[in-house]
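Colleague: Handing you a structure now.
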Amino acid sequence: MLKVGITTTIPVEVIYAAGWTPVDLNNVFITDENPQALVEEAELAGYPRNLCAWIKGIYSTVLKNSDIQTIVAVTQGDCSNTHALMETLQEAGIKTVPFAFPYDRDYDLLHLQIEKMMSFFNVSWQQVTEQKERLDRVRRKVWELDRLTWEENRVGGWENHLYQICCSDFNSDPEKFDAELDEFLAGARRAEPRREDLRLGYIGVPPIMGEIYEYLEERGARVVYNETQRQFTMPFETADLVEQYRLYTYPYGIFFRLEDIGREIARRQLDGIIHYAQSFCYRQIEDLIVRNRLSLPVLTLEGDMPNRLDARTRMRLDVFLDMLR
């Protein structure tokens with residue numbers, strides 16, 4: 001079965017409709033036995049030091065996995081560095097398929113982008129719609145996992161992050177992922193409610209150091225809202241595939257995202273927000289707007305390489321939790 005790499009969440013229904021297997025390159029990179037070595041390999045190849053580690057990791061991940069000879073790269077609505085990533089991968093012989101989320105969420109432009117992608121993979125709207133119905137059945141179970149996190153307090157922040165982020169490609173096997181979800185949900189429903197006294201929201205790109213969730217819970221706080229990861233699950237009921245990817249907030253700018261964040265702050269009764277920004281990412285600038293628009297206390301964290309939490313970050317988290325209390 002042919003594999004196609006993806007650089008972020010895209011209309012994955014198109015890929016499954018074509019009988020191809022999508023592979024989220026971010027997830028393969030960060031779960032590698034030595035992700036930092038992948039970053040260093042990209043730097044040895046010529047990628048600059050002052051560039052996002054995710055981009056460098058994706059570059060080396062593609063070259064390391066010879067069974068991935070095609071990637072779909074988001075050229076608008078994710079990372080501006082993806083343009084150069086595409087070009088360097090093309091130079092290495094990788095087929096690249098561009099996809100763009102229109103900045104203004106224009107329905108017709110998004111419809112056109114999806115149809116261009118469908119044309120490349122040679123699939124029809126009927127085939128794509130069938131895959132949407134298939135994947136939505138899995139997504140609904142992840143919505144339930146999220147509800148068990150914030151409403152019944154039976155799921156930890158890391159598990160909430162993990163299962164939601166996997167909805168970018170459904171771990172390349174929706175049926176297997178569905179079965180894993182069933183098993184996890186069965187255990188979660190039997191679990192005793194958790195008793196952390198602080199309820200936090202995590203906004204921004206997913207963290208390059210995953211132990212942040214465990215560290216917070218050791219100190220009596222728990223993330224009950226993962227903004228971007230939740231968006232990967234397409235958390236809204238609509239039969240229209242184009243509308244589904246219009247409602248998906250991540251690609252469309254900070255103001256549209258803040259509308260969703262504000263709703264979830266109120267619904268989940270959050271005490272504070274952690275805003276994660278990746279080093280050398282343009283989204284760091286948006287922190288100014290986040291702080292102006294949100295009424296809750298906000299701690300901004302910056303991550304660079306896929307390492308463990310450093311002492312400075314641990315100390316800042318400790319101070320933030322003390323301040324909230």
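The values are calculated or read from the model by the stated rules, or taken from the named source; none is laboratory data. As the structure is a prediction and not an experimental result, all values here were calculated from the model. Note that we place each Cβ from the backbone using ideal geometry, even for glycine, and neighbour counts take in every protein chain shown. Ligands, DNA and RNA are stripped out before the accessible areas are found, and what is left, the full protein with its side chains, is counted by its heavy atoms. Shrake-Rupley method; radii C 1.70, N 1.55, O 1.52, S 1.80 Å.
Colleague: Do we find a residue being in contact with a strand residue (DSSP E or B) (Cβ under 6 Å, 6 or more places away or on another chain), in a helix (DSSP H, G or I) and either free of Cβ contacts under 8 Å to residues at least 24 places away in the same chain or buried (at least 21 other Cβ atoms within 10 Å of the Cβ) (or both) anywhere in the stretch 2-22?
Modeller: Step one: filter the stretch 2-22 for residues in contact with a strand residue (DSSP E or B) (Cβ under 6 Å, 6 or more places away or on another chain), giving 3-8, 10, 12, 15, 20-22.
Among the residues that remain, those that are also in a helix (DSSP H, G or I) are: 12, 15.
Now restrict to residues that are either free of Cβ contacts under 8 Å to residues at least 24 places away in the same chain or buried (at least 21 other Cβ atoms within 10 Å of the Cβ) (or both): 12, 15.
Yes - at least one qualifying residue is present in the stretch 2-22.
Colleague: In the stretch 153-160, is there at least one residue being among the basic types (Lys, Arg), touching a residue at least 24 places away in the same chain (Cβ under 8 Å), closer than 27 Å to GLN269 by Cα and crowded, with 18+ Cβ neighbours inside 10 Å?
Modeller: Here is the first cut: in the stretch 153-160, the residues among the basic types (Lys, Arg) are 154.
Then drop every residue that is not touching a residue at least 24 places away in the same chain (Cβ under 8 Å), which leaves 154.
Next, only the ones that are closer than 27 Å to GLN269 by Cα stay: 154.
Cutting the leftovers down to crowded, with 18+ Cβ neighbours inside 10 Å gives us 154.
Yes, the conditions are met somewhere in the stretch 153-160.
Colleague: Output the residues belonging to the stretch 292-318 that are open to solvent by 40 Å² or more (accessible area, probe 1.4 Å) and in contact with a strand residue (DSSP E or B) (Cβ under 6 Å, 6 or more places away or on another chain).
Modeller: PRO297, GLU302
Colleague: I'm trying to understand the selection: among the residues of the stretch 271-284, which are under 23 Å from LEU247 (Cβ atoms) and surrounded by fewer than 21 Cβ atoms within 10 Å (Cβ to Cβ)?
Modeller: Passing the criteria: only ARG283.
Colleague: Moving on to the next point. Every residue in the stretch 54-100 that is open to solvent by less than 50 Å² (accessible area, probe 1.4 Å) and either of a type in the set (Asp, Glu) or in contact with an Asp or Glu (Cβ under 6 Å, 6 or more places away or on another chain) (or both), please.
Modeller: Selection gives SER60, ASP78.
Colleague: Here's a follow-up. So which residues in the stretch 181-191 are touching a residue at least 24 places away in the same chain (Cβ under 8 Å) and either more than 20 Å from ILE165 (Cα to Cα) or of a type in the set (Asp, Glu) (or both), if there are any at all? Break it down into steps so the answer makes sense when it comes.
Modeller: At the first step, the residues of the stretch 181-191 found to be touching a residue at least 24 places away in the same chain (Cβ under 8 Å) are 181-182, 184-185, 188-189, 191.
Within the stretch 181-191, ASP182, ARG189, ALA191 meet the criteria.
Colleague: Out of the residues in the stretch 23-53 that are among the small types (Gly, Ala, Ser) and either touching a strand residue (DSSP E or B) at 6+ places or on another chain (Cβ under 8 Å) or in a loop (DSSP other than H, G, I, E, B) (or both), state the one that is most open to solvent (accessible area, probe 1.4 Å). Let's see the steps before the verdict.
Modeller: If we filter the stretch 23-53 for residues that are among the small types (Gly, Ala, Ser), which is where we start, we get 37, 42, 45-46, 53.
So of that shortlist, the ones also either touching a strand residue (DSSP E or B) at 6+ places or on another chain (Cβ under 8 Å) or in a loop (DSSP other than H, G, I, E, B) (or both) come out as 46, 53.
Working: GLY46: 58, ALA53: 0 Å².
Top of the filtered list is GLY46.
Colleague: So in the stretch 192-211, with the set limited to residues that are hydrophobic (A, V, I, L, M, F, W, C) and modelled with pLDDT of 95 or more, which one is surrounded by the fewest Cβ atoms within 10 Å (Cβ to Cβ)? Give the derivation first.
Modeller: First, pick out the residues of the stretch 192-211 that are hydrophobic (A, V, I, L, M, F, W, C): 198, 200, 203, 205, 208-209.
Within this subset, residues satisfying the condition of being modelled with pLDDT of 95 or more are 198, 200, 203.
Numbers: LEU198: 18, LEU200: 26, ILE203: 24.
By that ranking, first place goes to LEU198.
Colleague: (1) crowded, with 22+ Cβ neighbours inside 10 Å; (2) farther than 16 Å from TRP143 by Cα; (3) modelled with pLDDT of 95 or more; (4) not aliphatic (A, V, I, L, M): which one isn't true of ASP240, the others all being true?
Modeller: The one condition ASP240 does not meet is (1).
Colleague: Among the residues of the stretch 220-237, how many are within 24 Å of VAL128 (Cβ to Cβ) and either touching a Lys or Arg at 6+ places or on another chain (Cβ under 8 Å) or open to solvent by 10 Å² or more (accessible area, probe 1.4 Å) (or both)?
Modeller: Residues that pass the stated criteria total 7.
Colleague: Here's something else I'd like to know. Quick check on my filter: what residues within the stretch 215-237 are modelled with pLDDT of 95 or more and aromatic (Phe, Trp, Tyr)?
Modeller: Let us first name the residues in the stretch 215-237 that are modelled with pLDDT of 95 or more, namely 215-235.
Residues satisfying the conditions are TYR215, TYR225, PHE232.
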